[in-house]
Amino acid sequence: MSREGVSPRRGDDAVVMASSGSGPSRASALIFNGRGEYLLHLRDNIPGIVEPGAWSLLGGGREPGDRSLAETIQRELREEAGLEVPVLEPFAVEEVAESGSSAFSVQIFAGRWDGDPAMLTLTEGIMLHWFRPDVLPRLRIAPSITRLVRRHARTIS
């Protein structure tokens, strides 16, 4: 079983497994800049949401009007942060099983954006911030996201 995975919805108590071959149902964005930093989203700390108060990737589930997961991630970035990333390339497909639910696949897209997150209009969560991969272990973040960021960072260094 692979422990390489990302859960845009749940952190440490997610069970991450090797891909089962079923198509992804969700998409997340691994956004990086020219300084080797990654854009992370601080989720609201309110009861009833998954992974409250933790740093995560932007993303979400495919909706009926989305013709592809590429459209899903572009829509999610616009809705959650008013963010337009011109080029998003598929990077990985990770399978995640949240506690008490069945497994689902997440298509991870990667794209470069060199903007200032303070200038974005965030509609979900608390804030967006750039982080270098070596800082991630000090954050409240799912270990699977830290592994995914580090894996991607090796491809651009």
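The values are calculated or read from the model by the stated rules, or taken from the named source; none is laboratory data. Just so we're clear, the structure is a prediction, and the values are computed from it rather than from any experiment. Positions of Cβ are backbone-derived with ideal geometry, glycine not excepted, and every protein chain shown enters the neighbour counts. What goes into the accessible areas is simple: the full protein's heavy atoms, side chains included, and nothing from ligands, DNA or RNA. Shrake-Rupley method; radii C 1.70, N 1.55, O 1.52, S 1.80 Å.
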Exactly one of these conditions fails for VAL106: (1) more than 13 Å from TYR38 (Cβ to Cβ); (2) loosely packed, with under 14 Cβ neighbours inside 10 Å. Give me its number. (2)
Mind checking which residues of the stretch 134-153 are touching a residue at least 12 places away in the same chain (Cβ under 8 Å) and among the basic types (Lys, Arg)? ARG140, ARG147, ARG150, ARG151
I need the full set of residues from the stretch 85-99 which are hydrophobic (A, V, I, L, M, F, W, C) and open to solvent by less than 50 Å² (accessible area, probe 1.4 Å), in order please. VAL85, LEU88, ALA92, VAL96, ALA97
Scan the stretch 47-84 residue by residue and report those that are open to solvent by 60 Å² or more (accessible area, probe 1.4 Å), on the phi < 0 side of the Ramachandran plot and free of Cβ contacts under 8 Å to residues at least 40 places away in the same chain. PRO47, ARG62, GLU63, PRO64, GLY65, ARG67, ARG78, GLU84
Residue identified as of a type outside the set (Lys, Arg) and in contact with an Asp or Glu (Cβ under 9 Å, 6 or more places away or on another chain) among GLY53, GLY82: GLY53
Matching residues in the stretch 26-38 - criterion: being open to solvent by 50 Å² or more (accessible area, probe 1.4 Å) and either free of Cβ contacts under 8 Å to residues at least 24 places away in the same chain or touching a Ser or Thr at 6+ places or on another chain (Cβ under 7 Å) (or both): none
